[in-house]
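The values are calculated or read from the model by the stated rules, or taken from the named source; none is laboratory data. Everything numeric here is computed off the predicted structure, so don't read it as measured data. All Cβ positions, even for glycine, are placed from backbone atoms using ideal geometry, and neighbour counts span all protein chains on display. Heads up: the accessible areas ignore ligands, DNA and RNA and are worked out on the full protein's heavy atoms, side chains in. Shrake-Rupley method; radii C 1.70, N 1.55, O 1.52, S 1.80 Å.
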Amino acid sequence: MTNKPVKLPEAGQWPDKVAPWALLAGIVLSTLGFLMAFLYAGPVNGAAVDGVELIGGQMVANKLLLSQKIFYFHMPVALVSFCALAFACYYSVRFLATKNQRFDTCAKVCMEISLVFVICTMITGDLWERFEWGVWWTWEPRLTTYLILMLIVIAYFVLRNAIDEPERCGVYAAVIAIIAMVDVPICFMITRLIPSSVHPVVLREGGMSGDMGMTVAVCLAGLLLVGFALYRFRFRQVRLQERLQALKDEVEVLEERR
Amino acid sequence: MARKQSTGADRARAGQVALSVPSTFAQYKTLLAKDLQQEFRTKEMLTSMGIYALLVLIVYGAALGQTAQATDVLQLSGGLLWALIVFTSLLGLNRSFNHEKEQGCMEGILLVPMDRSVIFLAKATSNLLFLLVVEVIAVPLFWFFFLTTAQPGPGFMLMAVPLAVGTVGMAGIGTLLSTITVNTRGKDVMLAVLFVPLIFPLLYACASPTTAVVVGAEGYLDVFTQSMALAGGYDVIMLLVSWVLYDFVISA
Amino acid sequence: MNPVLADIYSTVIPSMPFIIAAYALMWAVLLIYVFVSISGLKKTEKQIAVLEEAVAELKAE
C-alpha cells in the first residue's frame with residue numbers, strides 16, 4: 001500500500017487483483033464442501049433404536065440424523081462472522097490511531113459482512129433448532145449471547161445513521177466496534193463457561209471424525225474466501241462512491257469559481 | 001492585580017514559570033463536586049429517577065397482581081428488580097449529559113488542560129452515586145409492595161453484592177454511551193439501542209445471583225460466586241475499555 | 001422395508017424441508033447482499049455519467 005499522501009480516496013491495491021480469484025476459489029470450495037457434507041461425511045447417530053441393521057457393511061443401532069448436515073455450514077459461517085468482527089475492530093483501532101477516513105470505510109464494510117454472516121448463522125441455526133428441539137427460539141446462553149452480538153452490530157449501523165458529521169460518526173462507530181469485540185470471546189467461550197447449556201459443543205461431544213473435520217475445513221476455507229471477496233467487492237464499490245463524491249465537490253468548486 | 005503581573009514578569013525574566021497545576025485527584029474532586037452540587041440545588045435527576053422507579057413498580061403491580069402464590073413472585077423478583085434498575089438508569093444516563101450539552105458546560109470542561117479520563121471517572125462516579133441512591137429507595141419499596149408475604153432465603157442480604165457490581169458496570173458503560181448519544185439524532189432511543197445489548201452479559205450475570213440469593217434454594221452460594229466472578233470480570237474489562245476509549249469520544 | 005430400518009431413517013424425510021430451507025435462505029441472504037452492492041455500483045456509474053456531462057459543459061465554456 002502506498003504511503004504518499006493522496007488527494008482523492010484511493011482504491012485498487014493488490015487485494016483487488018486477488019479478490020476475483022478468491023471469489024472463484026471460494027465458490028468452488030464451498031460447493032465442494034456442500035457436496036462433501038451430503039456425499040462424503042458420514043451420518044451422525046441420534047437416539048438408539050431397538051434393533052440392529054446392516055447398512056453398507058456397518059452395524060447401525062441408532063437413528064441417522066440428516067439434520068446435522070446444517071452444521072457443516074452453520075459453524076464456518078459463524079466463524080466467518082467472528083472473523084469479520086475482529087477485522088472491524090482492527091480497522092477501528094487503526095482509524096482511531098490515524099484518523100484516516102479509509103480505515104473507517106474498511107471497518108464499516110467489515111461490519112456489513114459480519115452482519116450478513118451473523119444473519120446466515122441465525123437462519124441455519126434456527127432451522128436446525130426448530131427441527132431438533134422443536135422450538136423457534138430458546139433462551140439458551142449461546143443463542144442469547146449471539147443474539148446480543150447481532151443487536152450490537154445492528155446498533156452500530158443505527159448509530160452511524162444518526163450522526164451527520166463524518167468525522168464524529170467515524171470515531172463513535174469505531175468505539176462501538178471495539179466494545180462489540182468484547183462480546184465475541186464471551187459468545188465463543190460461553191458454552192465452556194456455562195456447561196449446562198443445551199447448545200452442542202463439538203469438543204465436548206468427543207471431537208469430529210476425520211471425514212467430518214475435513215468437510216468442515218473445506219467449507220470454512222470456502223466461506224472465508226467468499227467473505228473476503230464480498231468484503232473487497234463492497235469496499236471497492238463504497239470507495240468508488242467516496243471518490244466520486246470528492247470529484248463532485250471539486251467540480252462544484254470549479255463551477256463556483258467561474 | 002498589578003503586583004501579580006509584575007511578579008509574574010520578574011519570574012519570567014529570571015527564567016522561571018509559576019504554574020500551579022492541581023493534582024489529578026483535585027480535578028476529579030472538583031468535577032464530582034460540581035455534579036453533586038448541581039443535583040443538590042435542582043434535585044432534578046433524583047426526583048425524576050425516583051418517581052420513574054415508583055411508576056415502574058406500579059406497572060409491576062398490575063402484572064404481578066395476577067400471580068396467586070408468593071413463591072412465584074420470589075422467583076421473578078431478581079429479574080424484575082434488574083429490569084427496574086435498567087430502565088431507571090437509562091433515564092438517568094440520558095439526562096446526565098443533557099445539562100452539560102444544553103448549558104455549554106462541556107466546552108468549558110474541555111478547555112481545561114487535563115487528562116480526559118478524569119472527566120470519565122468523575123462523571124461515572126456521579127452517575128454511580130445517583131443510581132445507588134435510587135436503588136436504596138427502590139429495593140425496599142419493591143420489598144414493601146411485593147415481598148412482605150413471601151419468605152426470602154436466609155442470605156438475602158447478599159443481594160447487595162450483585163446490585164453494587166452491576167451498578168458499577170452500568171454507570172461505567174452508560175457514561176461512555178451517553179457521551180456518544182448526546183450528539184446524535186434521537187438520543188433517547190439511541191442510548192437504549194446501544195446500552196441494552198452492551199449491558200446484557202452483565203445483566204444476565206447479576207440477575208441470576210440476585211434470584212438465587214432471594215430464593216435461597218439448595219446450593220445457592222455456588223451459583224452466586226460463579227455468576228459474581230463473571231460479572232466482576234465483565235465489569236473490569238468494560239470499565240477499562242470505556243476508560244481508554246473515552247478520550248477519543250469526548251474529543252470528537 | 002423392515003421396521004428397524006424404517007426407524008433408523010425415520011428422521012430423514014421430516015428434516016428435509018428444514019435442511020433445504022437453511023441452505024436456500026443462507027444463499028438468498030448472500031445473494032441479496034451482492035445485489036445491494038451491484039445496485040450501488042450502478043448508481044455510482046450513473047452519477048459518473050452526470051459528472052462527465054458537467055465537466056464537458058465546463059470545458060465548452
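Working from Cα positions, state the angle (0 to 90°, nearest 10) between the long axis of helix A:166-193 and the longest principal axis of chain A.
10 degrees
Given a 1.4 Å probe, show me the residues in segment A:208-250 buried by at least 20 Å² of accessible surface when comparing the whole protein assembly to the chain alone.
Correct list: A:230, A:233, A:234, A:237, A:240, A:241, A:244, A:248.
Taking 40 Å² as the minimum loss, tell me which residues in segment A:106-135 lose that much accessible area going from the chain by itself to the full protein complex (1.4 Å probe).
By number: A:116, A:120, A:123, A:127, A:131.
Over the alpha-carbon set of the protein assembly as shown, work out the extent along each principal axis and list the three values in angstrom, largest first.
For the protein assembly as shown, the Cα spread along each principal axis is 109, 88, 46 Å.
With a ≥ b ≥ c taken as the square roots of the eigenvalues of the C-alpha gyration tensor of segment B:16-135, please select rounded if a/c is under 1.5 and otherwise prolate if a/b is larger than b/c or oblate if it is not?
In terms of gyration-tensor shape, prolate.
Running a GNM on chain A with Cα contacts under 10 Å, which residue among A:33, A:170, A:46 ends up with the highest mean-square fluctuation?
So, out of A:33, A:170, A:46, the one fluctuating most is A:46.
Enter the per residue convex hull volume of segment B:22-251, computed from alpha-carbon coordinates, in Å³ rounded to the nearest integer.
So the per-residue hull volume is 122 Å³.
Can you work out the accessible area per residue across segment B:22-251, with the rest of the protein chains kept in place, probe 1.4 Å, in square angstrom?
Heavy-atom SASA per residue in segment B:22-251 reads 46 Å².
For chain A, take the longest principal axis of its alpha carbons; what is the angle in degrees between that and the long axis of helix A:210-257, to the nearest 10 within 0 to 90?
Helix A:210-257 and the main axis of chain A meet at about 20 degrees.
How high is the FRET efficiency between residue A:209 and residue B:72 when r is their beta carbon distance and R₀ equals 60 Å, given to the nearest 0.05?
0.80
Taking accessible area as the heavy-atom solvent-accessible surface of the protein chains with a 1.4 Å probe, which residues of segment C:1-19 lose no less than 50 Å² upon going from the isolated chain to the full protein assembly?
So the qualifying set is C:4, C:7, C:8, C:11, C:18, C:19.
Using a 1.4 Å probe, what is the accessible area per residue for chain A, in Å²?
47 Å²
May I ask you to give the percent of accessible area on the protein assembly as shown that is carbon plus sulfur, with a probe radius of 1.4 Å?
Carbon plus sulfur share of accessible area: 68 percent.
Mean Kyte-Doolittle hydropathy of -1.0 or higher plus an axial Cα length of 27 Å or more: which whole DSSP H helices in chain B meet both?
Helices passing the filter in chain B: B:24-42, B:44-64, B:70-96, B:116-142, B:160-181, B:187-215, B:220-251.
Ordered by packing density, taken as the mean number of other Cβ atoms within 10 Å over each peptide's residues, highest first, how do A:89-95, A:171-177, B:156-162 rank?
Descending mean neighbour count gives A:171-177, A:89-95, B:156-162.
So if we plug the beta-carbon distance of residue C:49 and residue A:257 into 1/(1 + (r/R0)^6) with R0 = 22 Å, what FRET efficiency do we get, rounded to 0.05?
Given R0 = 22 Å and the Cβ-Cβ separation, E is 0.40.
Grab the beta carbon distance between residue A:38 and residue B:59, set R0 = 60 Å, and tell me the FRET efficiency rounded to 0.05.
Here the calculated transfer efficiency is 0.70.
Would you list which aspartates and glutamates come within 15 Å of residue A:248, measuring only between C-alpha atoms, while excluding same-chain residues fewer than 8 positions from it?
Counting by Cα, and skipping residues close in sequence, residue A:248 has these aspartates and glutamates nearby: A:256, C:45, C:52, C:53, C:57.
Could you tell me the total accessible area buried at the B-A interface, probe 1.4 Å, in square angstrom to the nearest hundred?
2400 Å²
Pairs to check: A:108/C:43; B:123/B:187; B:43/B:123; A:99/B:34; B:43/B:101. Give those whose C-alpha atoms are more than 27 Å from each other in this structure.
As for pairs spanning more than 27 Å Cα to Cα, those are A:99/B:34.
Leaving out ligands, DNA and RNA, calculate the buried accessible area for the pair C and A with a 1.4 Å probe, summed over both sides, in Å² to the nearest 100.
3800 Å²
Per DSSP helix of 4 or more residues, -39500 (n - 2.57); summed, then divided by the residues of the protein assembly as shown. What does that give at 222 nm, rounded to the nearest 500?
-27000 deg cm²/dmol
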